[in-house]
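Written out below as structure tokens is the structure these notes cover.
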Amino acid sequence: MSVSDDELKGYKGLARSKLIEWGVKVWSDVRVVNDAGSEFEGVILPRSETFDDLHLVIKMKNGYNIGVHVERVTKIDEIGFKDCPQATQITPDGAFNTGFGELRLALGAPPEPVDVRVRTLHQGYLPIVEYTLERDGADFEVQAFATPPGLDPRANLLNAVRVRLGHAVNGHQIVSVGLGETHFGSIRIWLANEERGYLTMFRQILAGLEASDADVVFFCEHDVLYPEEHFEFVPPKKDVIYYNENVWKVDAETGRALHYWARQTSGLCAYRETLLEHYRKRVALVREKGYSTKMGFEPGTHGRPGRVDDLTSEGWMSKRPLVDIRHGQNLTPSRWKKEEFRNQKYTEGWTEADEVPGWGRTKGRFQEFLREVL
């Protein structure tokens, strides 16, 4: 990396070589950690050339200047820099103006432009703009920042905006459980270093149930679209598992839509205590003996000898259906022909269509469909 004299003004010898090695310069906003674990944040100041070549001078956020010995620095991160000639402006009505165009967020159902007048900086000073808002019973957290590639102040800016959903419709608590870090939901859990599979899936469900404090729980999956009215259902009995049977499967490649009567985990609703007892037994059983189809996948849907417990299930129908997106990487297989079912009773209600009732046409235009409904 080559730098001009102005970018390293006053630094020489070891201090200068270290600044070049770290890729930072005078007026960089940095976070520095030394060999004692102490952390300092502030702006690198220029130095007089008559001073030694062993210290880095930083103006702290509290206004004081400190000297940090360069040989004691174990980590340094550049988190901003002074006098970048370009900037992204957040207009009073909430748009992001880059000079090349404007980005305006629209949230809610139907989407309406976001206009939040009160905004803050991350941790009070970092150049990441944050604000929250409530819209149609859902809480949203918005973060935005701009940076040039490689932190080169002469390059065009890249703008990043992240919108995080905190609560679902009607104020429902969202517990999100994944196999990697997730930023979705009000309670976020990830199971690190786990391989996809039945036991892992059951453990994910159990972890979410144990983290929640809700009386009634709806199971949701990331590749299923849920209408608002799905979450208005209230289970009549505490010891019964309920399934929304109004489900249409859609092929993500062709947009083909298919319905048949089925009770599947993605449409499950029940009381949390009932589910906790079931999934604790299920996880223990699969750990001991492995997963078997005799055990069944959906709680309460069969009476075979190998079942987990004696729970029963009932169905209900929301006004609009769930849309189960089949994309080739679903944990459960997709079946598009009746002949693929060994027992034909599971094909009852078989209906093929070019559209999903209450949602719109999907065949031949699935990506456009998603843009319309999301």
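The values are calculated or read from the model by the stated rules, or taken from the named source; none is laboratory data. Everything numeric here is computed off the predicted structure, so don't read it as measured data. Ideal geometry is used to build each Cβ from the backbone, glycine not excepted, and the neighbour counts take in all protein chains shown.
Criterion first (assigned by TED's automatic domain parsing to the domain that holds T74, surrounded by 19 or more Cβ atoms within 10 Å (Cβ to Cβ) and either in contact (Cβ under 8 Å) with a residue 24 or more places away in the chain or at negative phi (or both)) does I58 satisfy it?
Against the criterion (assigned by TED's automatic domain parsing to the domain that holds T74, surrounded by 19 or more Cβ atoms within 10 Å (Cβ to Cβ) and either in contact (Cβ under 8 Å) with a residue 24 or more places away in the chain or at negative phi (or both)), I58 qualifies.
Can you go through N97, N62 and tell me which one is polar (S, T, N, Q), within 30 Å of G13 (Cα to Cα) and modelled with pLDDT under 85?
Testing whether each residue is polar (S, T, N, Q), within 30 Å of G13 (Cα to Cα) and modelled with pLDDT under 85 leaves just N62.
Name every residue in segment 311-337 that is under 16 Å from W261 (Cβ atoms) and among the basic types (K, R), in order of residue number.
R335
Residues to consider are K237, K249; find the one that is exposed (fewer than 15 other Cβ atoms within 10 Å of the Cβ) and farther than 13 Å from R272 by Cβ.
Being exposed (fewer than 15 other Cβ atoms within 10 Å of the Cβ) and farther than 13 Å from R272 by Cβ holds for just one of K237, K249, which is K237.
Could you list, in sequence order, all residues of segment 193-220 that are in contact (Cβ under 8 Å) with a residue 60 or more places away in the chain and either acidic (D, E) or assigned to a helix (DSSP H, G or I) (or both)?
Y198, L199, M201, F202, R203, I205, L206, L209, E210
For E314, state whether it is modelled with pLDDT of 95 or more, surrounded by 13 or more Cβ atoms within 10 Å (Cβ to Cβ) and of a type in the set (D, E).
yes
May I ask you to list the residues in segment 100-139 that are over 15 Å from N159 (Cβ atoms), aromatic (F, W, Y) and either loosely packed, with under 13 Cβ neighbours inside 10 Å or at pLDDT below 80 (or both)?
Selection gives Y125 alone.
Answer yes or no as to whether G255 is small (G, A, S), closer than 24 Å to P333 by Cα, touching a Gly at 6+ places or on another chain (Cβ under 6 Å) and part of a loop (DSSP other than H, G, I, E, B).
yes
Looking at V142, is it touching a Phe, Trp or Tyr at 6+ places or on another chain (Cβ under 7 Å) and surrounded by fewer than 12 Cβ atoms within 10 Å (Cβ to Cβ)?
Answer is no for this residue.
Got a sec? Which of E298, E277, E273 is of a type outside the set (S, T, N, Q), part of a loop (DSSP other than H, G, I, E, B) and either surrounded by 12 or more Cβ atoms within 10 Å (Cβ to Cβ) or within 31 Å of the chain's Cα centre (by Cα) (or both)?
E298
Kindly list the number of the only condition in (1) modelled with pLDDT of 85 or more; (2) surrounded by 13 or more Cβ atoms within 10 Å (Cβ to Cβ) that fails for D52.
(2)
Is there a residue in segment 320-332 that is surrounded by 12 or more Cβ atoms within 10 Å (Cβ to Cβ), outside any strand (DSSP E or B) and modelled with pLDDT of 95 or more?
yes
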